[in-house]
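Here's the structure we're looking at; comments come further down.
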Amino acid sequence: MVETMKIAVKRVNTSRITEVDFTNIPFGKIYTDHMFMADYRNGEWNNFRIIPYGYMPISPATPALHYGQSIFEGMKAYRGPDGEALVFRPQDNWKRMNISAERICMPEIPEELFMESLATLIDLDRAWIPDTKGASLYIRPFMFSADEYIGIKPSESFTFMIILSPVGAYYSTPVKVRIETHYTRAAQGGTGYAKAGGNYGGAIYPAKLAQNKGYHQLLWTDAKTHEYIEESGTMNVMFVIDNVLVTPALSDSILAGITRDSVLQMARKWGMKTEERKVSVKEIIEGIESGKVTEVFGAGTAATIAPIELIGYNGKDYYLTPVEKREFSNKVLAELEGIKRGLKPDPFGWVVKM
Ligand code: COI
C-alpha cells in the first residue's frame, strides 16, 4: 500500500549535464542528476524521495548482495517533437515488475508509486532526454531486499529505486550469436520469466566464453534437451520463416519481452501470419541452409530490433540475409522508432506523455 504519495525532492546544486557529449553516448555509463527511492517497512511503502544520483549506504548483510534478491525493469523515454517525454508502455513494465516481485518473494509495487515516481523523476531530469538519432533515456526501476539478516527467509524490508541513463545503441553492429547447448539460463520451474538479477548474473560466464570466440551473445536453448531455442538473455529472438513471423512461445524460462509483444502486435496489424511456438535448433539451421529462414533478430528495450548477422552452431557459422535486404525487421524497426519518438501515429496507445 502507498501511504500518501508525497515525494520529497532534494535537487543537485549544479547539474552535471554540461559534462555529457550527447553526440556520442555509450550504453549504461552515464546517469542523470537525480534518482528516486522508496522504502518498504512494516508492510507499507513510504519515505518517497528524489535525491541527487550517487552512492548510497547499504548494510553488508543485505540479502540482495548475498542471495541475489533483486529485480529490475528496463524502459525507454524519447524526446517528442514538442519537447515532451514520451515513455514507451510503462504500464506493461509495471505489471511485469510485479510478476517478478511475486516470484522473488517481494512486495507488490502499487501502480501509483511506479507511475508517479517515474513522472516526477523524468520531469526533474527532462533536459537529459537525448534528441540525437539512435539515442534515448533508458529508465531502470529496480527493487532489492534491504533486511540486515544473512539467514534465508522472506525479507521484510525492501528498497525501490529508479535511475535514468541517457543511452546510445546497446549493439552498435549486427549481432553474432552462438547457440548454447551446454550451459542453461533458465529451467522449467525456475526464475527465467522474472526479470531477476540472478538470471543475468548467471549468464555472464557462458556468454563470456562465446565472446572469447568472437560472438556477442548466446542463443539459449531449453534446459532439458537443448533442442529448442528460448531467448538471447539480453533480448527475445524472432525469425521470419517462409514469410511467417515465428518466435518461441512464452514459458516460465523465457522473459515476456515488451518489444517482443509490440513486434507481434504490429505484424498482426499488417496482416502477417505470426506463430508463437516451439522453435527447434534443427528447424533454424536447416531453414538457413535452405533459404526458408530469411530474417533473425533480437527484440528488447535496450537492444531495440537488433539484426542477427550470423548464428554459430556446432563449430560452424551460418550467415543470414544481409541486413539491408531484410524487409520485415527494417520496416518494424522504422515503424517502432517512429511511434516511440512521436513521429508516427500510435494506433496501439503505447506511448505515455510525461
Ligand atoms: C532491457 O532490454 O531493458 C534489459 O534489461 C536488458 C539488459 C541486458 C540491458
From the P(r) of segment 99-209, can you give the percent of Cα pairs sitting at distances over 17 Å? 70 percent
How high is the FRET efficiency between GLU44 and LYS133 when r is their beta carbon distance and R₀ equals 56 Å, given to the nearest 0.05? 0.80
Which value in deg cm²/dmol, rounded to the nearest 500, describes the helix-derived mean residue ellipticity at 222 nm for the chain, given -39,500 (n - 2.57) per DSSP H run of n ≥ 4 and division by the residue count? -7000 deg cm²/dmol
Set Lys and Arg Cβ to +1 and Asp and Glu Cβ to -1, take the dipole of the chain about its Cα centre, and tell me which of CYS105, ALA186, VAL167 lies farthest positive. VAL167
Kirkwood Rh, Cα Rg: Rg to Rh for segment 175-340? 0.93
Hey, if you put +1 on the Cβ of every Lys and Arg and -1 on every Asp and Glu Cβ in the chain, which of TYR200, GLY298, ALA38 ends up farthest toward the positive end of that dipole? GLY298
Of PHE48, PHE72, THR18, whose Cα points farthest to the positive end of the dipole of segment 8-167 (charges on the beta-carbon: +1 Lys, Arg; -1 Asp, Glu; origin at the Cα centre)? THR18
Taking a straight Cα-to-Cα line shorter than 15 Å from LYS176, and setting aside same-chain aspartates and glutamates fewer than 8 residues away, one finds GLU231, GLU295, GLU309, ASP317
Unit charges on C-beta of K, R, D, E only; dipole of segment 309-354, Debye: 160 debye
Dipole magnitude of the chain about its Cα centre, charges +1 at Lys/Arg Cβ and -1 at Asp/Glu Cβ only, in debye to the nearest 20? 500 debye
Checked against a 31 Å limit on the C-alpha separation, the offending pairs among LYS76/LYS292; LYS76/LYS282; LYS29/LYS282; LYS76/LYS269; LYS10/LYS76 are LYS76/LYS292; LYS76/LYS282; LYS29/LYS282
Please sort 240-246, 58-64 by packing, taking for each peptide the average over its residues of neighbouring beta carbons within 10 angstrom, highest first. 240-246, 58-64
Using the Karplus equation 6.51 cos²θ - 1.76 cosθ + 1.60 (θ = phi - 60°), what ³J(HN,Hα) coupling, rounded to whole Hz, does each residue of segment 147-155 give in order, writing x for Gly and Pro? 5, 10, 7, 9, x, 9, 6, x, 6
Sorting check: for 32-41, 228-237, 13-22, which peptide has the highest mean count of neighbouring beta carbons within 10 Å, and how do the rest follow? 228-237, 32-41, 13-22
If you take the C-alpha gyration tensor of the chain, multiply each eigenvalue by 5 and take the square root, what semi-axes do you get, largest first, in whole Å? 34, 25, 18
Length-normalised contact order of the chain, Cα under 8 Å, at least 6 apart, in percent, tallies to 18 percent
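Quick note: the coordinates plus some simple rules give every number you see, no bench work behind them. These numbers come from a predicted model, not from an experiment. Note that each Cβ is placed from the backbone with ideal geometry, even for glycine, and that neighbours are counted across all protein chains shown.
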